[in-house]
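Here the structure is laid out as structure tokens; the discussion comes afterwards.
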Amino acid sequence: MTQQDLTFAPVHQLARGLQQRRLSPVDLVEAFLERIEAQEPKLHAYTEVFAQDARLAAEAADAAIRAGHAVGPLHGIPVALKDLVELEGRVVTGGCEAWLARKATRTATLARKLLAQGMIVLGKTHTVEFAMGGWGTNSRRGTPWNPWDAERARTPGGSSSGSGVAVAAGLAPWAVGTDTGGSVRLPASWCGITGLKTTIGRVSTYGVLPLSPTLDTPGPMARSVEDAALLYAAMQGPDPLDPLTRGLPYTDPLPTLKRGVRGLRLARMPEVERQYASAEVLAAYDGSLAELEQLGAEIVTVPLPFLFADVAAHNLRIMAAESYTLYHELVDDEAAPLDPHVRPRIAAGRNVSAREYIEALRMRDTMKQQFAAAMEGVDALLTPTTMTTALPLEEVDQAKAPAHYTRFGNYLDLTALALPNGGDGRGLPTSLQIVCRANEEALALRIGWALQQATDWHLRRPPLAG
């Protein structure tokens, strides 16, 4: 295999090659490191690359596999981690310039799980400061370059911007992101990859820098649904260090992944919500509905008890109140080197009263019940992921957010999968969002897998794939 073949091969194929000893972890890691060295100056996906440690880990994995001591099917597979995920002794900045020397004193549970399965961390990827932003920009630490436009800097999506760019451009086979209002799904959409927003409690947040503990969820970002399912399976599970994971049994999405969609009832979004999406995004969305219907799903119309924008307002109130509580000392310090676009978003939490915060939490329970009643007998709700394809950075209005179709999933604690479903006239990717009930990650992945078997949008490579 050439370097490009290795760096763009699906992880499930790479894993088979490692297990059958047709592929060495040393060669695999070296291919990614060479690609990072060549492409990173332009793409700016990583905050730090652990080249020496990754090579040492690859040599150890190779020796273990050759000796018959592989710890599992993912032993020797590289992974990239968003710069919110703590690794003991490593710098974790959360995208904040004030924390450039901040070393972690613990390792996040999700990282421990991946390392225990023999995965090799290539490095840390860029994030919007404190993960508070959907465009993917970071004015202090730099914005990753969306690889779908070689000439013009466009929104990579945030806050997991570096993870999205790294996966899309072949600088990592897959990566970990986090999602509080769309931060896995927005970069998945604009970077043309697959991203899963998990249900709260499915993946431990212990050792992951928080933005809004009520809403934060880590999730996998990959180039295919099957790979996203594999990484989700590796990340999830109860953790005594995270109370929200207790009582949730491990659920493997792989046994049901390939069952298809025949007989499922999938809801189109309400007509009123179409006004927010561009014509090209809507065309791709309608094409996905038609494709799923061809595959045997029943496409239905379901009236929802609220508008997405109404739900987003409650989501924002919780995010602002909790993030300001966490980071008020830096935000209130005018001398602190903070992103001027992020500071006011978090500072808005000063004006959220205790009554408003508690009311947003109370309304959350009410709206969850209303949504569940509306979705009775329906397996999933389908929407676009983003309203447009990736915008030129100079056209971004930082006072607005691109998360119209994603925030409701966090507020209502649903699971949601974003996957590429088309392209616009410039070749920029569009994305479909599959929203299922809490703890139904396996169903969302199953629907997405069926669509990817019938289409090839996830196989496209961006111009900067080289």
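The values are calculated or read from the model by the stated rules, or taken from the named source; none is laboratory data. Quick caveat: nothing in here was measured; it's all calculated off a predicted structure. Cβ coordinates were reconstructed from backbone atoms using ideal geometry, including for glycine residues, and neighbour counts include every protein chain displayed. The protein model used for the area step is the full one, side chains on, heavy atoms only, and it has no ligands, DNA or RNA in it. Shrake-Rupley method; radii C 1.70, N 1.55, O 1.52, S 1.80 Å.
In terms of modelled amide H atoms, which long-range or inter-chain residues lie less than 5 Å from the amide H of VAL302?
ARG268
Cross-chain or 8 or more residues apart, Cα under 21 Å: how many lysine pairs in the chain fit that? Count them up, please.
13
Quick one: Cα centre-to-centre distance for the range 89-153 and the range 31-45, in angstrom?
The distance from the Cα centre of the range 89-153 to that of the range 31-45 comes to 15 Å.
Counting other C-beta atoms within 10 Å, and keeping those with at most 10, which DSSP coil chymotrypsin sites (Phe, Trp or Tyr not before Pro) do you find in the range 133-221?
none
For a quick check of your reading of the filter: which GluC sites (Glu not before Pro) in the range 348-429 sit in a DSSP loop and have no more than 14 other Cβ atoms within 10 Å?
GLU376
Rounded if a/c is under 1.5, else prolate if a/b beats b/c, else oblate: with a ≥ b ≥ c from the C-alpha gyration tensor eigenvalues square-rooted, which is the chain?
Note, shape of the chain comes out rounded.
Rounded, prolate or oblate for the range 217-332? Axes are the square roots of the Cα gyration tensor eigenvalues, ordered a ≥ b ≥ c, and the cut-off for rounded is a/c under 1.5.
oblate
Over the chain, with every protein chain in place, what whole percent of the accessible area is carbon and sulfur at 1.4 Å, could you tell me?
Accessible surface attributable to carbon and sulfur in the chain totals 52 percent.
Where a ≥ b ≥ c are the square roots of the eigenvalues of the C-alpha gyration tensor, would you call the range 105-264 rounded, which needs a/c under 1.5, or, failing that, prolate if a/b is larger than b/c, or oblate?
oblate
For LYS42 and GLU356 in one chain, what is 0.36 nm times their gap in residues minus the Cα-Cα distance, to one decimal in nm?
Extending this stretch completely gives an extra 108.6 nm.
Do any trypsin sites (Lys or Arg not before Pro) in the range 353-416 lie in a loop, going by DSSP, with at most 12 other beta-carbon atoms within 10 Å of their beta carbon, and if so which?
Answer in residue order: LYS400.
Could you tell me how far the Cα centroid of the range 230-249 sits from the Cα centroid of the range 261-306, in Å?
If you average the Cα positions of each part, the centres end up 31 Å apart.
On a C-alpha basis, how far is the centre of the range 389-422 from the centre of the range 322-348 in Å? Whole number, if you could?
22 Å
Antiparallel DSSP bridges in the chain: what percent, to the nearest 5?
65 percent
Keeping every protein chain present and rolling a 1.4 Å probe, give me the accessible area per residue for the chain in Å².
With all protein chains present, the chain gives 36 Å² per residue.
Please give the length that would be gained between VAL300 and ARG55 if that part of the chain were fully extended, namely 0.36 nm times their separation in residues minus their C-alpha to C-alpha distance (nm, one decimal).
Using 0.36 nm per residue and subtracting the Cα-Cα distance, I get 83.1 nm.
Taking R0 as 35 Å, what's the FRET efficiency between ALA313 and VAL91 from their Cβ-Cβ distance, rounded to 0.05?
My answer for the efficiency is 0.45.
Return the calculated 222 nm mean residue ellipticity for the chain, to the nearest 500 deg cm²/dmol, obtained by summing -39500 (n - 2.57) across DSSP H runs with n ≥ 4 and dividing by the residue count.
-11500 deg cm²/dmol
I want to make sure I understand the PRE zone here: with the label point 7 angstrom from the Cα of ALA374 toward its beta carbon, which residues in the range 298-331 have backbone N atoms less than 17 Å away?
300-316
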